[in-house]
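Here the structure is laid out as structure tokens; the discussion comes afterwards.
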Amino acid sequence: MSVYTMVVFIVLIVTIGRIYQSRQKLALKNPPPAPDTAEARRLQSEVARLNERIQVLERLATDPAKRLSDEIDGLKSLPHKPAAPAQETDNAQR
């Protein structure tokens, strides 16, 4: 193999590598849209609910002690939503 052939192969490999790398970067910048299915909507509502809970917990963690006890007392007075039946049976088996 001559030196010139080796140089051509090296340039070809580097070029292919850079093309692949640029396509990967482009794919990361523009992810495909999520399908609008019932499962996707359920997961989005679950994430929104969890984000609300995180905001409450962050607020409770950063507030002074008096405010914290008042907030906890306020949360105790809220009605409790029962868990779904599938979750209750999972917890009972544990």
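Coordinate-derived values only; no laboratory data. Everything numeric here is computed off the predicted structure, so don't read it as measured data. Ideal geometry is used to build each Cβ from the backbone, glycine not excepted, and the neighbour counts take in all protein chains shown.
Listing for the model above:
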item	result
Order of 1, 6 under a 10 Å beta carbon neighbour criterion, fewest first	1, 6
Sequence-distant lysines (8 or more away, or on other chains) whose Cα lies within less than 27 Å of residue 76	66
